[in-house]
Amino acid sequence: MNSFWIILFHTYLNKLKSKSFIITTVITVLIVLALTNINNIIGLFDKNGGKENVAVLDETGELYEPFKQQLKTINKDIKLTLYKGSEKEAEKAVEKGDFKGVIQLHFNAEKLPEATFKAMSIADSSLFTDLQTSLQQVKTMLTASKINLAPAQLQKLYEPVSFEKFALEKNAKTEEELNQARGLVYVLLFIIYFAVIMYATMIAMEVATEKSSRVMEILISSVSPIKQMFAKILGIGLLSLTQLAAFLIVGYYSFTKNMETLKEGFFGVYGFGDIPLETIVYAVIFFILGYFLYATLAAFLGSLVSRIEDVQQMITPMTLMVVAGFMIAMFGLGKPDAPFITVTSYIPFFTPMIMFLRVGMLTIPAWEAFLGIAILIATIIVLAIFGARVYRGGVLMYGKSNSFKDIKKALQLTKNE
């Protein structure tokens with residue numbers, strides 16, 4: 001057992017001190033800090049403090065004030081300035097950067113408002129949409145006055161329809177709980193996706209590197225291949241937990257410091273304030289089981305290749321399974337109760353992502369979640385037993401890899417031992 005721990009901690013410490021790991025960790029931490037401070041970063045580059053200044057040329061002398069009032073109700077960050085100069089002077093002011101754009105207001109033949117908007121670039125569709133919507137409301141008001149509609153009648157006409165949603169299922173999640181679950185599932189799906197691809201590939205590369213340097217011939221004379229495989233899996237697993245802990249600590253600290261500025265956008269819609277403990281426990285369970293599933297698969301696939309450059313080709317099918325599971329889960333975020341999602345949640349290679357999605361977003365019987373976990377554990381055990389046999393023979397194989405045909409050769413070598 002001493003040899004097992006020696007290989008485990010050697011794998012862990014060797015990777016922990018490597019330049020690639022340190023650089024990757026530092027870059028990812030900086031990305032996490034940037035995301036949680038995104039509003040502050042945008043503010044540094046925004047000389048107008050987030051406000052967009054638009055010049056208004058009102059040829060009618062009547063539209064500016066109602067247009068300004070309507071725009072305030074839609075977007076308070078757009079500042080309108082009544083420009084007294086000519087059209088050419090306004091365009092030059094836009095070119096100098098004094099204004100984001102210039103909008104000309106005038107009447108058509110029916111005495112209804114029309115506008116022309118000019119800017120250095122028309123890529124900012126949100127600004128154009130807000131200006132257009134505001135003017136549309138002014139036009140509606142003027143039209144209503146022409147047909148003698150009272151303000152109360154007009155308000156009644158455009159009053160939003162009452163539409164409430166109620167779930168008949170007992171203990172069904174509320175809209176707020178669904179948003180919180182959706183946010184956590186969204187984040188975890190990305191963590192599982194990138195962690196599996198990155199760390200499983202690392203395990204396969206580790207095995208292939210040792211084989212290519214002939215270190216494996218020395219190792220197998222003193223340590224059984226099965227011990228080697230599981231020591232590497234646990235070593236890289238410990239490394240992944242170390243790296244993820246660093247990301248979570250930095251992310252949580254930065255998030256709590258910028259809570260007020262992050263209430264808008266993603267974090268405003270997908271709240272993370274009152275996540276049920278049960279959901280967090282399931283997240284940890286499915287992440288760990290998902291890692292072991294793909295790590296075991298990657299270890300014995302890595303044992304089949306003798307050159308580092310063959311690793312990517314060998315693990316491509318595994319990577320495609322992770323991508324497929326991720327894409328199915330992304331679809332399931334909008335429709336978690338679809339029959340297709342239910343069926344695929346019991347397919348072992350998709351279970352870590354899709355079963356967690358169902359557990360997080362639906363009120364499903366506990367036995368369904370436990371069944372998914374049981375299937376996943378059983379698959380890991382079967383894969384570990386089969387993978388250990390393939391690994392035992394695979395580490396003795398050298399030469400050009402013939403893809404999955406080498407699995408049969410590895411099993412034959414194991415029998416001949």
Checklist entry - What residue, among those in segment 340-355 that are of a type outside the set (Val, Ile, Thr) and outside any helix (DSSP H, G or I), is surrounded by the most Cβ atoms within 10 Å (Cβ to Cβ)? => result Ser345
Checklist outcome for this item: All-but-one check, Asn402 against (1) more than 27 Å from the chain's Cα centre (by Cα); (2) modelled with pLDDT of 65 or more, failing number (2)
Checklist entry - Which residue out of Leu157, Leu149 is loosely packed, with under 15 Cβ neighbours inside 10 Å and either among the small types (Gly, Ala, Ser) or modelled with pLDDT under 85 (or both)? => result Leu157
Next on the checklist: Condition first: open to solvent by 40 Å² or more (accessible area, probe 1.4 Å), in contact (Cβ under 8 Å) with a residue 40 or more places away in the chain and in a strand (DSSP E or B). Now tell me which residues in segment 86-137 satisfy that.
Outcome noted: His106, Phe107
Checklist entry - Taking Glu217, is it at pLDDT below 70, open to solvent by less than 70 Å² (accessible area, probe 1.4 Å) and over 30 Å from Tyr282 (Cβ atoms)? => result no
Next on the checklist: Between a residue in segment 362-373 that is closer than 14 Å to Tyr346 by Cα and acidic (Asp, Glu) and any residue that is part of a helix (DSSP H, G or I) and open to solvent by 40 Å² or more (accessible area, probe 1.4 Å), which pairs come within a Cβ distance under 9 Å, given they are 6 or more apart or on different chains?
Outcome noted: Glu368/Thr342
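The values are calculated or read from the model by the stated rules, or taken from the named source; none is laboratory data. These figures come from a predicted structure and were not determined experimentally. Positions of Cβ are backbone-derived with ideal geometry, glycine not excepted, and every protein chain shown enters the neighbour counts. What goes into the accessible areas is simple: the full protein's heavy atoms, side chains included, and nothing from ligands, DNA or RNA. Shrake-Rupley method; radii C 1.70, N 1.55, O 1.52, S 1.80 Å.
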